[in-house]
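First comes the structure, then the notes that go with it.
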Amino acid sequence: MSTKISLGTAGEKDTIVYITHEFKNDKHLGLSNEESAYVKSEIKEEKHLVAINRYDHWIFIHLIDKKKHDYLTHERARKAGHKIGSLASHKKMGKIVIKVDGKDLSSETVLAFAEGMALGNYQFLKYRKDAKKETHSLNEIVIDDKKVKGPDVEQLNIVIDATCKARDLVNEPHITLNATGLAKAFQQMAKDSGFKIEVFDKAKITSLKMGGLLAVNKGSNTPPTFSVMEWKPAKAVNKKPIVLVGKGVVYDTGGYSLKPTLNSMDYMKCDMGGAAAVGCTMYAIAKAKLPLHVIGLVPSTDNMVDAAAYVPGDVITMHSGLTVEVLNTDAEGRLILGDALSYAQKYKPELVIDLATLTGAAAAAIGHFGIVYMGTADDKVKNKLEKSGNNVYERLVEFPLWDEYGDLIKSDIAEIKNLGGPYGGAITAGKFLEKFTDYPWIHFDIAGPAYVKQDDSYRGRNGTGIGVRLLFDYLKSLV
């Protein structure tokens, strides 16, 4: 459950955090001479956070460095907000009021500070015996600043809620979240927010000849699903829909190309991070009633080892009719995405964006610090996406889709194979996906940032919910 942010005014006994770029004048803060002298001495020592304990409440003063680019300043503010939020929970505070010291702090910076506090307050305690005792005390964040407007706060709350829902899905163990369970989670979100959903069962998937999804599912004892979500408001500004596609491998053993357990299979419940991002973005845009026609597609299954499972050397026929030689059963994500991307052609879309925890090569290239992306959409789309990536600090790094990489996935016995050479793994995976598109297309490989094993400021640990904030910011920019 996410922490709500609201507008209001500070009471006499409320704990307040004053945020500013530069501490100039403390007269309006109501500090005693002793407190004022203490604050000035701490700032002189180049400390960014000063805390004053008044016994029945606290006063914090937090300096946020102003960076060359606004998006860098906003990221500093998010991290500062997380720091205050952590301190608040440590001190068993239930409420924090954010006030601005000075006029040089933008409303966007204030919102970013609150966002970092709320996102950093996330916990996944479903399976903890002492969950009530461990729950963070902070449950109310109030912004006392006239520059910040109600609709902006409302929208921020929606995005935070959606991001936390995505984190919940990624953190949920496979034993309680199979493909059917993931589809049910999307159905609940549809009910709560207003978008439409249809879930294809195995019989429907078979009738559609989705050979990639069916092949990966062969080793499973639970059927695959294919979720079709749609938000189509009456006054949508786009004539052709934007389609979001998310990889929904709810658990990946690697199949017969078996993964090692340590630092690999042991966190493969996260292999549906792309699906979580798509479903929760649909939830957010419907909640926010964005006037855009958007469709979300999620093919889902687990990738298991069984006597009936597909094996290296098999040839499968995809939804598009293209034949694929399987050289590695652990390169399964591109197979189920290929079917979904092919299915998306029926909508004649304006743009298709897919998100997937697809390759270790992407994670090896840039770590968890950003998202590897590539695609055939024009520079205008790419520039807007990169700007949104900066806005929410889910930064994008473009990789090339040169023709030579396509040569690496040519097969001797089928039309293509599901594995490239020893290098350019993220790109050859992208070239594979490109084969199933006939529209402007963008591919996000979120393998690096979707699941982190150490605390990463307000992103927390484990599932990060990456992609939701980025997609929402981009889609919002179109209306």
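Observations
- Cross-link pairs beyond the 31 Å C-alpha cut-off, checked among K47/K287; K126/K196; K79/K191; K165/K346; K67/K384; K184/K348: K47/K287; K79/K191
- Classification of the stretch 215-265 by its C-alpha gyration tensor yields a prolate form. The axis ratio a/c (a ≥ b ≥ c) is 1.5 or more, and a/b outweighs b/c.
- J(HN,Hα) series, the stretch 130-147, from Karplus relation 6.51 cos²θ - 1.76 cosθ + 1.60, nearest Hz, glycine and proline x: 9, 4, 5, 5, 8, 5, 4, 6, 5, 9, 9, 10, 10, 9, 10, 7, 5, 5
- Backbone amide hydrogens, once placed in the peptide plane, bring S257 within less than 5 Å of T329, D330, excluding anything fewer than 5 places away on its chain.
- For the chain, size of Cβ-based charge dipole, Lys and Arg +1, Asp and Glu -1, in debye: 1240 debye
- A straight line joining the Cα centroids of the stretch 147-196 and the stretch 10-58 runs 37 Å.
- In the chain, the longest principal axis of the Cα atoms and the axis of helix 70-90 are about 70 degrees apart.
- Global form of the stretch 241-351, assessed from the alpha-carbon gyration tensor, a/c cut-off 1.5: oblate
- Computed from backbone phi with θ = phi - 60° and the Karplus coefficients 6.51, -1.76 and 1.60, the 3J(HN,Hα) list for the stretch 319-333 is 3, 6, x, 5, 9, 10, 8, 8, 9, 8, 6, 8, 9, 8, x Hz; x is used for glycine and proline.
- 13 Å Cα-Cα reach of K92 towards aspartates and glutamates, excluding residues that sit fewer than 8 places from it in its own chain: D56, E134, E140
- Axis angle, to the nearest 10 degrees, between helix 273-287 and the longest C-alpha principal axis of the chain: 60 degrees.
- For volume of the Cα convex hull per residue in Å³, computed directly from the structure shown, the correct entry in (1) 197; (2) 150; (3) 163 is (2).
- Per-residue 3J(HN,Hα) values for the stretch 263-270, derived from phi via the Karplus relation 6.51 cos²θ - 1.76 cosθ + 1.60 with θ = phi - 60°, read 6, 8, 5, 5, 10, 7, 5, 7 Hz in sequence order (x marks Gly and Pro).
- Solvent-accessible area of E415, all protein chains in place: 100 Å² (probe radius 1.4 Å, heavy atoms, ligands and nucleic acids excluded).
- Accessible-area value, W58, 1.4 Å probe, nucleic acids and ligands omitted, Å²: 50 Å²
The values are calculated or read from the model by the stated rules, or taken from the named source; none is laboratory data. Please read these numbers as outputs of a predicted model, since none were measured by experiment. Cβ: placed from backbone, ideal geometry, glycine included. Neighbour counts: every protein chain shown. Note: areas computed on protein heavy atoms with side chains; ligands, DNA, RNA excluded. Shrake-Rupley method; radii C 1.70, N 1.55, O 1.52, S 1.80 Å.
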